Amino acid sequence: MTEANVRNSRFDLRRLTKSKELLVFAFLILLLVFAPLFLSIFRVNLLGKFIAYAILAIGLDLIWGFTGILSLGHGVFFGLGAYCMAMYLKLEAAQGKLPDFMSWSGLESLPWFWKPFTNSALAIVMAILIPTGLAFVIGFFTFKNRIRGVYFSILSQALAIIFSVLFVGQQAYTGGTNGLTNYRSIMGFSLSSDTTKLTLYYISLALLVVTYLFCNFLVKRRIGRILVAIRDGENRVRFSGYNPATYKIFVYCLSAAIAGLAGAVFVPQVGIISPAEMGIVPSIEMVIWVAIGGRGTLIGAVIGAILVNALKSGISDSFPDVWSYFIGLAFVFVVLLMPQGIVGLVKEMARRFKQPPNHTEHLSTDKAA
Amino acid sequence: MDSILQIDNLTVSFNGFRAVNHVKTEIEKGEIRFFIGPNGAGKTTLLDAICGRVKPQSGQVLFSGNLDVTRYSEHEIVNIGIGRKFQVPSVFAHMSVYENMELAVVKDRSLYSSIFHKLNNEQRERIEDILVTIGLYEKRLNTPKALSHGEKQWLEIGMLLAQEPKLMLLDEPVAGMGRSETDVTGKLLEKIARNCTIIVVEHDMEFVKDYATKVTVLHEGAILDEGSVSEVQSNQKVIDVYLGRGGEGECLM
Amino acid sequence: MGTYLLQIFNGISVSSILILAALGLAITFGLMKIINMAHGEFIMIGAYVTYLMQNQFLHLPKSLFGLYFLLAIPASFIVSGLVGFVLERTVIRHLYNRPLDSLLATWGVSLVLQQLARNIFGAPNVDVKSPGWLDGGLVLSQGLQLPYKRLFIIALVIVCLLSMFLLLYKSKTGRRIRAVMQNREMAESMGINTRRVDAYTFAIGSGFAGIAGCALTLLGSIGSTLGTNYIVDTFMVVVLGGVGTLVGTAAGGLLIGTANTTLEFLTNASLGKVLVFILIITLLQWRPNGLFNISSRSLDD
């Protein structure tokens with residue numbers, strides 16, 4: 001099967017059940033709203049982490065599934081958002097003193113770029129703006145000069161390495177390999193209290209809904225068609241009078257902003273961010289969430305992120321070796337056998353169930369192929 | 001007469017090979033101009049240079065009097081009114097015929113507009129008019145994979161029409177079409193030429209004879225002759241290098 | 001003065017390994033539009049083969065120990081090549097012309113291979129003892145000594161590059177490979193079994209990565225993540241040099257290798273990496289498809 005064929009089947013499926021996607025999403029959100037009633041606060045906290053990942057996956061799907069740009073460096077944007085939030089949490093924990101790791105590294109006063117992060121609102125804004133700004137710079141210098149396809153993917157992967165190396169190297173400012181941890185409270189509320197945890201969970205969930213609805217709005221507008229058109233024939237888009245670079249930079253910035261938001265949601269619930277979260281391995285794992293869920297459908301990204309991470313925490317706690325084999329084989333299996341992921345599989349099954357193979361329809365598609 | 005495109009001393013080279021060599025010609029408003037010539041004569045490259053796909057080494061292409069298109073990038077050239085159809089039909093395979101037209105019909109191609117503006121009534125009507133003209137109204141909700149080769153070509157011409165260009169560049173629009181489809185395409189071109197100038201690259205000499213206002217014969221990157229079909233056909237040099245020498249035109253002469 | 005010379009020498013020696021690793025990658029990408037993320041694991045396999053070979057020689061008389069490395073080179077080529085062949089037959093051949101998908105699937109393969117290596121050889125790194133005849137170095141002047149190990153690696157890479165060149169441009173197989181690379185359909189209609197060419201080329205590319213792994217054992221201890229450490233740099237070589245060209249690979253490798261060592265020497269390890277990245281992006285502004293790309297005339301490929 002060629003890449004074009006894969007896309008073919010995907011589009012048809014998407015058309016078939018466009019409206020049902022929203023229903024499925026609503027059902028999923030309902031489940032997540034009531035989940036805390038049945039789960040321990042530890043599990044709820046874990047689920048909150050998965051929701052942060054799901055937010056990121058939506059942005060990644062927008063750029064990969066819809067626009068066809070495979071970014072292998074989204075961990076960086078996620079990490080930057082997370083670090084922004086973590087800097088604020090760290091400063092609040094230090095209560096006006098120098099954060100512990102800085103004094104261990106011999107710093108005597110707070111570096112200038114840490115100072116704005118004493119303000120929680122500013123930290124949250126920065127968690128979104130800094131990734132967006134970085135994406136703009138990278139996007140500008142790549143897309144504008146038509147660096148595309150695998151060339152872009154490899155550059156984005158290099159970005160992931162660079163940032164993790166940079167953050168490890170600048171120990172005095174970033175906490176080095178250990179990252180930033182040991183927070184106490186967020187806006188005065190203790191992070192160890194169950195109420196705070198539950199509140200954070202519901203805030204994450206609300207942000208997931210907002211992100212989903214916003215992206216859903218976008219892909220239904222004309223821009224959604226333009227993004228798909230760029231994926232399927234970038235030069236044709238150009239000769240239709242659109243500048244693909246503008247759209248690619250926009251979608252890259254947007255998905256970076258979403259990743260940054262996800263990072264900011266992640267940190268207070270998980271309690272640590274380190275360079276390990278932004279390297280190449282986590283960055284490419286993010287792609288597999290989207291692939292397993294079903295690229296090119298927003299709901300697929302959400303389902304994939306939550307499901308894969310739930311499996312991961314289930315398996316890797318008890319058998320870490322098995323997890324490596326599992327995720328490795330999942331990559332191969334999904335790409336080879338179910339390129340549309342779970343959503344594609346479910347839709348295909350639903351279609352077969354509903355309409356028994358129609359003879360004339362088959363004839364006409366055969367002819368066209 | 002009013003000229004819409006002036007090609008002046010245009011040279012395009014690839015790694016030292018001159019695909020187009022000091023070409024100079026002028027195209028008048030409302031013309032259906034044909035570029036003919038044997039394979040490798042530089043016809044497609046000439047179109048590529050006009051629509052910005054290749055950058056010429058030297059020379060100018062002036063559009064509407066004073067716009068030098070060699071300075072613009074592809075999408076800017078489209079936006080000043082030059083549309084291009086490629087040899088292999090290239091439409092967006094995973095969108096419906098209507099959605100394909102939708103992307104073409106919009107004039108404001110900015111990010112803002114594509115997020116916030118929906119099509120207005122006039123644009124919707126124009127899409128429907130064009131779909132009727134190209135005979136695809138019934139199939140507007142199908143994806144292009146359900147279209148025949150000829151229909152894909154028409155869809156692409158329709159998308160060009162929707163862009164409302166002042167100049168349309170068509171690369172072998174009837175290649176792979178049967179006689180009846182070819183005639184439909186020819187009639188379509190005549191209709192389009194009422195408010196638009198057309199440049200066609202074509203090998204089908206019958207088609208050229210039926211619809212050309214003027215023909216430019218290219219050979220090894222340079223212009224060999226230019227004039228009406230009958231003028232060109234009687235030129236001994238043209239017969240030698242193209243029409244009479246086992247070229248694609250031979251059997252049809 | 002001496003330190004600068006040594007820096008340049010180190011740069012060339014790092015470059016040479018990058019070139020060796022990138023060689024197979026550039027060819028397979030040019031040939032099949034496959035991005036093989038598991039390529040780094042062929043480096044790892046080559047390194048472990050060398051380790052195993054050394055262990056075998058530990059049972060033999062001491063005087064023979066120095067020879068193990070000479071045997072390890074072809075052995076790592078063959079074993080990596082075989083694994084590459086199997087991978088091509090089972091996974092890669094389903095992914096032709098789907099570069100982004102191939103990237104993901106082969107990343108999965110790489111995770112599995114790494115975990116296998118951890119289960120077989122254990123998680124800690126293992127050391128390979130270099131043969132005695134590579135100890136010491138060429139003394140150029142007071143305080144300036146070029147280690148024989150690194151000189152040997154450079155020589156090894158030159159030999160590999162030359163044999164790749166001969167294979168591609170002087171042999172019948174090479175003519176087939178180039179034919180498929182330039183026009184697959186045409187080659188097919190000329191009666192070339194393109195699938196077989198793909199498989200062999202992939203195996204050869206993997207084999208060269210194996211030799212790179214073998215060479216790496218001279219420079220440090222080896223572990224399951226050996227490939228991961230090199231894969232991104234290797235890919236940058238391909239991106240910068242342009243796919244499918246030997247000259248491009250060599251130029252890209254030299255540039256990145258020397259830039260890496262020089263910039264890390266002038267600043268520090270982490271800033272050096274950032275600067276190299278900026279350098280590559282800057283160069284790509286000027287030639288987006290690599291320094292030595294083969295241009296294509298199709299509209300959307």
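Just so you know, all these numbers are worked out from the coordinates, no wet-lab data involved. Just so we're clear, the structure is a prediction, and the values are computed from it rather than from any experiment. Glycine also receives a Cβ, built like all others from the backbone with ideal geometry; neighbour counts cover every protein chain displayed.
Under the definition of Cα pairs under 8 Å and six or more residues apart, what whole-number percent is the relative contact order of chain A?
33
About the Cα centre of the protein assembly as shown, what is the dipole size in debye to 20, counting +1 per Lys and Arg Cβ and -1 per Asp and Glu Cβ, all else neutral?
1380
Between A:Leu22 and B:Asn66, what is the FRET efficiency for a Förster distance of 45 Å, r being their Cβ-Cβ separation, to the nearest 0.05? Before the final figure, lay out the partial values.
Working: r = 52 Å, r/R0 = 1.16.
After rounding to 0.05, the efficiency reads 0.30.
Sort B:His117, B:His203, C:His39 by Cβ crowding within 10 Å, fewest neighbours at the top.
The order, fewest Cβ neighbours first, is B:His117, B:His203, C:His39.
Could you pull out every one of the aspartates and glutamates with an alpha carbon less than 19 Å from that of A:Lys20, ignoring same-chain neighbours closer than 8 positions?
A:Asp12, A:Asp61, A:Glu348
Express the relative contact order of chain C as a whole percentage, based on alpha carbon pairs under 8 Å and six or more residues apart in sequence.
36
Of A:Ile58, B:Met168, C:Ala179, which is farthest on the positive side of the dipole of the protein assembly as shown, counting Cα position, with +1 on Lys and Arg Cβ, -1 on Asp and Glu Cβ, and the Cα centre as origin?
A:Ile58
At what distance in nm do the modelled label points of C:Leu151 and C:Arg93 sit from each other, each positioned 7 Å from its Cα along Cα→Cβ?
4.6
If you count, for every residue in B:81-87, the Cβ atoms of partner chains within 10 Å of its Cβ, what is the mean?
Taking all residues of B:81-87 together, the mean is 2.
Using Cα pairs closer than 8 Å and at least 6 residues apart in sequence, work out the relative contact order for the stretch C:184-286, in percent.
Values: 44 pairs, mean separation 13.5, N = 103.
Dividing the mean separation by the residue count of the stretch C:184-286 yields 13 percent.
Need the list of aspartates and glutamates near B:Lys166 for cross-linking: C-alpha distance under 18 angstrom, and skip anything on the same chain fewer than eight residues off.
Partners found: B:Asp2, B:Glu26, B:Glu28, B:Glu31, B:Asp48, B:Asp68, B:Glu74, B:Glu76, B:Asp108, B:Glu156, B:Glu190.
Among all the lysines, which ones have a C-alpha under 18 Å from B:Lys187's C-alpha, if same-chain residues fewer than 8 places away are not counted?
Output for B:Lys187: B:Lys85, B:Lys152, B:Lys209, B:Lys214.
Is there a pair in B:Lys43/B:Lys191; A:Lys354/B:Lys139; C:Lys149/C:Lys273; A:Lys49/A:Lys197; B:Lys145/C:Lys33 whose C-alpha atoms are over 20 Å apart, and which pairs would that be? All intermediate terms of the calculation are to be shown ahead of the outcome.
Values: B:Lys43/B:Lys191 24 Å; A:Lys354/B:Lys139 24 Å; C:Lys149/C:Lys273 25 Å; A:Lys49/A:Lys197 11 Å; B:Lys145/C:Lys33 25 Å.
The answer is B:Lys43/B:Lys191; A:Lys354/B:Lys139; C:Lys149/C:Lys273; B:Lys145/C:Lys33.
Please compute the Kirkwood hydrodynamic radius over the stretch C:17-234, one decimal place, Å, based on all pairs of different Cα atoms.
On the way: mean 1/r = 0.0555 Å⁻¹.
Taking the inverse mean of 1/r over all distinct Cα pairs, the stretch C:17-234 comes out at 18.0 Å.
For chain C, which DSSP H helices look membrane-span-like by this rule: Cα extent along the axis of 24 Å or more and mean Kyte-Doolittle of at least 0.5?
Numbers: long enough: C:2-32 (45 Å, 1.69); C:39-58 (29 Å, 0.53); C:68-90 (32 Å, 1.51); C:99-121 (32 Å, 0.80); C:148-170 (31 Å, 1.94); C:194-216 (33 Å, 0.72); C:246-266 (30 Å, 1.17); C:269-286 (26 Å, 1.96).
In chain C, the long hydrophobic H runs are C:2-32, C:39-58, C:68-90, C:99-121, C:148-170, C:194-216, C:246-266, C:269-286.
Just to be sure I understand: with springs between alpha-carbon atoms less than 10 Å apart, which residue in B:Gln153, B:Gln233, B:Gln163 has the highest mean-square fluctuation in the Gaussian network model of chain B?
It is B:Gln233.
I'd like the FRET efficiency for A:Lys115 and A:Thr199, computed as 1/(1 + (r/R0)^6) with the beta carbon distance as r and R0 of 41 Å, rounded to 0.05.
Values: r = 28 Å, r/R0 = 0.67.
Efficiency for this residue pair is about 0.90.
Non-local amide H neighbours of B:Lys85 (under 5 Å, H modeled in plane, Pro and chain starts lacking H): which ones?
B:Leu169, B:Leu170, B:Asp171
Report, in degrees rounded to the nearest 10, the 0 to 90 angle that the Cα long axis of helix A:320-337 makes with the longest principal axis of chain A.
Rounded to the nearest ten degrees, it is 30.
Between 0 and 90 degrees, rounded to the nearest ten: what's the tilt of helix A:244-270 against the longest Cα principal axis of chain A?
50
Between the stretch A:253-310 and the stretch C:183-243, what is the C-alpha centre distance in whole Å?
The two parts, judged by their Cα centres, are 31 Å apart.
How far is helix B:179-192 tilted, in degrees, relative to the longest principal axis of the Cα atoms in chain B, given as a value from 0 to 90 rounded to the nearest 10?
Orientation of helix B:179-192: about 80 degrees from the principal axis.
Please give the length that would be gained between C:Lys129 and C:Ser63 if that part of the chain were fully extended, namely 0.36 nm times their separation in residues minus their C-alpha to C-alpha distance (nm, one decimal).
In short, 22.3 nm is gained.
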